[in-house]
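A quick write-up on the structure given underneath.
The values are calculated or read from the model by the stated rules, or taken from the named source; none is laboratory data. Remember, predicted model here, so these are calculated numbers, not experimental data. With ideal geometry, Cβ positions are generated from the backbone for all residues, glycine too; neighbour counts draw on all protein chains shown. What goes into the accessible areas is simple: the full protein's heavy atoms, side chains included, and nothing from ligands, DNA or RNA. Shrake-Rupley method; radii C 1.70, N 1.55, O 1.52, S 1.80 Å.
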Amino acid sequence: MKKELTVKEILCITMILSFCSIIYELIFANTLSLLTGSYIWWHSWTIGFYIGGLGIGAIKSGKLLNSFRELYYVELLLSLIGCLSVIYIFCLHLIFKSSDYMSYLGNDFYSASYVQVSFYMNVFFFCLVQSITLIIGILSGFEIPLLIKLMKEKTGKDKENLVLGVNYIGTLFGTLIFSFILLPKLDIIYTSVIVATLNLLVCLYLLIKRRVKRSPAFIIPITCVILVLVFVGKNENLIQQNYLKVRYHGDRVIARDKSQTRIFLENLDQIPDVLRMKSLYQYIDFFDIETTNKETETIMTLDGNFQFSSKTERFYHEGFAHVGLELVGFIPKKILILGGGDGLLIRELLKYPEIEIIEQIELDDKILKVAKKKPFLKNLNENSLSNPRVKTVIGDGFHYMRNTTEKFDAIFIDFPYPRNYNLARLYSVEFYTYVKRNLTPNGFVILDTPIVEKKTYTSKQYQGRMIDKMLFSSSDKYNNNVILSTMYYSGFKRLLPYKVGEESFLIMHNRDKEFQYQNLLKANSKFQKVSSKDLVEISGQNFPYEIKKKYINSIFKPTILGLSDF
């Protein structure tokens, strides 16, 4: 005799399915945001496609006749697609990233043909990745109407309010568990496997409980899905490592010789694994590449974004620390560093015996542990974080600057570029108002910031090409306008952007005093990688910008260009 589902069982299934459904949406939004850096864009569109899919599924559910059988197949498809969804997104990202790079090599970043091809590829990528969101949304949209039908069959009464209420509560639990447990503790592929397993357990329960005939037509599909889940779960690390190896090494292979791409993909197992660590806030990756002179170069990335290379980091940090101090013209005694958890900037500042104390505020304690204990990084930063002149505090830089009453002679700010709202607030007028408030009367600020220089190119470099984008575009100037206007209206009237190599920085101070370009021409033993030619070029650099209130970036009205990037 076939058993009936009880009311409690229906509500329990409703809770589980709503839990799974919202987590799939969060997985897609976070994965796409992580890969592209455009957090607001991808979260908004992913939520929109998911909700739209729910609506389509709910409308189409009226044509379904057998609630048990249809729910069984819906959960089976959700389990299969959900398990493979992150791998699908990873593969698409690699394909389009490689295709974009090959198009760039075949054309030019500023050519009309490259801009056009890049636009079409971005649109195609967007449609393909959001198709998976729409499919999950449609399948999830079938669930509640089917469960409401089951409830009516059981009780003979309309209980939509009860099913919908439990559905919303399950959604709440899903968002909380994803935010506090799954996202911080597990990799995104493992998370998708766990959620897909819950969908599969519902299938198994329906298969065992009632009305679904245990024929090959039902047993074979669920067996195949079980095998897929086991395979993905068991090989999660291999899948992730292959993705990371292609992502971090693929461009070099393509640039060197595109014909070697197939051989590269066939021999991924011979490439050393990427060391990946996950903190509460980000992924921290280390990987080695072989330079042209057969030396090993180690690179660190945060959420896939380049942080530093062991080969070039001294050039960057010398430009950050020593160039700025020379331009200001005096050595501070008390310094605050916001960010810089790798300890490399601190290493350079410790070369000045005049500096008495360096206080550091770092949000991610995982980076600090790596910088202190990982031999490679500990040797590179010369154990700077253990120096008695250094005091490290784990905390959020924005909240620290808003609440502290301490005064500093200099503040060095080493934050990631503003790729999302949380980072954009660290480039806001409110934040730099706090920064200025906590400077001594002669204090100054030096920060690493995305300012664009207008360079001069010879016509021969682009002869014969169609130029669609100017070498210094309107978006470049807008970017400069936002950064410099924000700083100016924070209270800093003396601003100096400068570049060392390809790295851009900004100095701001409270004194009405000219910057000391002549100091850069003096011999300074602290420069090991920055050449005298690099220093001479600083005085001739050109950073076009306008200071206007309409460009101010505020936490209440973000204007940072990166927030609207595709």
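Side notes on the structure shown:
- When the range 262-280 is limited to residues that are over 23 Å from the mean Cα position of the chain (by Cα) and open to solvent by 40 Å² or more (accessible area, probe 1.4 Å), the one that is modelled with the highest pLDDT turns out to be PRO272.
- Of all residues in the range 427-449, those satisfying the criterion of being of a type in the set (A, V, I, L, M) and in contact with a Leu (Cβ under 8 Å, 6 or more places away or on another chain) are VAL445, ILE446, LEU447.
- Complete set of residues in the range 335-358 that are more than 12 Å from PHE412 (Cβ to Cβ) and more than 23 Å from the chain's Cα centre (by Cα): ARG347, LEU350, LYS351, TYR352, PRO353, GLU354, GLU356, ILE357
- Residues being closer than 19 Å to LEU496 by Cα and either in a helix (DSSP H, G or I) or open to solvent by 20 Å² or more (accessible area, probe 1.4 Å) (or both) - total across the range 315-371: 16
- Number of the exception - CYS12 against (1) under 14 Å from LEU147 (Cβ atoms); (2) at pLDDT 85 or above; (3) surrounded by 20 or more Cβ atoms within 10 Å (Cβ to Cβ): (3)
- TYR283 meets all of the listed conditions (1) open to solvent by less than 50 Å² (accessible area, probe 1.4 Å); (2) closer than 24 Å to LEU35 by Cα; (3) in contact with a helix residue (DSSP H, G or I) (Cβ under 7 Å, 6 or more places away or on another chain) but one, namely (3).
- Checked against the criterion of being at pLDDT 90 or above, under 18 Å from LYS499 (Cβ atoms), buried (at least 20 other Cβ atoms within 10 Å of the Cβ) and aromatic (Phe, Trp, Tyr), the range 429-437 contains not a single residue that satisfies it.
- Scanning the range 402-428 for residues that are within 20 Å of the chain's Cα centre (by Cα), open to solvent by less than 10 Å² (accessible area, probe 1.4 Å) and under 17 Å from ILE367 (Cβ atoms) returns a single hit, ILE413.
- Residues in the range 503-541 that are assigned to a helix (DSSP H, G or I), of a type outside the set (Phe, Trp, Tyr) and open to solvent by 40 Å² or more (accessible area, probe 1.4 Å): 8 in all.
- The listed residues are TYR24, TYR88, TYR73, and the only one of them that is open to solvent by 30 Å² or more (accessible area, probe 1.4 Å), part of a helix (DSSP H, G or I), of a type in the set (Phe, Trp, Tyr) and under 30 Å from THR155 (Cβ atoms) turns out to be TYR73.
- Scanning the range 397-452 for residues being more than 14 Å from GLU359 (Cβ to Cβ), outside any helix (DSSP H, G or I) and among the small types (Gly, Ala, Ser) gives a total of 1.
- Positions within the range 240-260 being in contact with a helix residue (DSSP H, G or I) (Cβ under 6 Å, 6 or more places away or on another chain) and open to solvent by 30 Å² or more (accessible area, probe 1.4 Å), in sequence order: ASN242, ASP251, GLN260
- Breaking point among (1) open to solvent by less than 30 Å² (accessible area, probe 1.4 Å); (2) modelled with pLDDT under 90; (3) under 30 Å from PRO272 (Cβ atoms), for LEU206: (3)
- Each residue in the range 151-176 was checked for being without any contact (Cβ under 8 Å) to a residue 60 or more places away in the chain and open to solvent by 100 Å² or more (accessible area, probe 1.4 Å), and 3 pass.
- Top-ranked residue of the range 465-502 - restricted to ones that are open to solvent by 50 Å² or more (accessible area, probe 1.4 Å) and in a strand (DSSP E or B), ranked as modelled with the lowest pLDDT: ILE467
- Flag for LYS234 being free of Cβ contacts under 8 Å to residues at least 24 places away in the same chain, under 30 Å from ASN30 (Cα atoms), out of contact with any Asp or Glu (no Cβ under 7 Å at 6 or more places or on another chain) and not polar (S, T, N, Q): yes
- Whenever a residue of the range 379-401 is within 10 Å of LEU363 (Cβ to Cβ), its partners that are surrounded by 14 or more Cβ atoms within 10 Å (Cβ to Cβ) and of a type in the set (Phe, Trp, Tyr), lying with C-beta atoms within less than 7 angstrom and at least six residues away or across chains, give the pairs PHE398/PHE431.
- Those residues of the range 217-261 which are among the acidic types (Asp, Glu) and under 24 Å from the mean Cα position of the chain (by Cα), in sequence order: GLU236, ASP251
- Across the range 372-396, the qualifying residues are those that are in contact with a helix residue (DSSP H, G or I) (Cβ under 6 Å, 6 or more places away or on another chain) and open to solvent by 60 Å² or more (accessible area, probe 1.4 Å), and the one among them that is farthest from TYR352 (Cα to Cα) is ILE394.
- Residue that is nearest to ILE188 (Cα to Cα) [pool: residues in the range 219-239 that are among the polar types (S, T, N, Q) and surrounded by 13 or more Cβ atoms within 10 Å (Cβ to Cβ)]: ASN237
- Restricting attention to the range 294-328, the residues that are within 16 Å of ASP342 (Cβ to Cβ) and of a type in the set (D, E, K, R) total 6.
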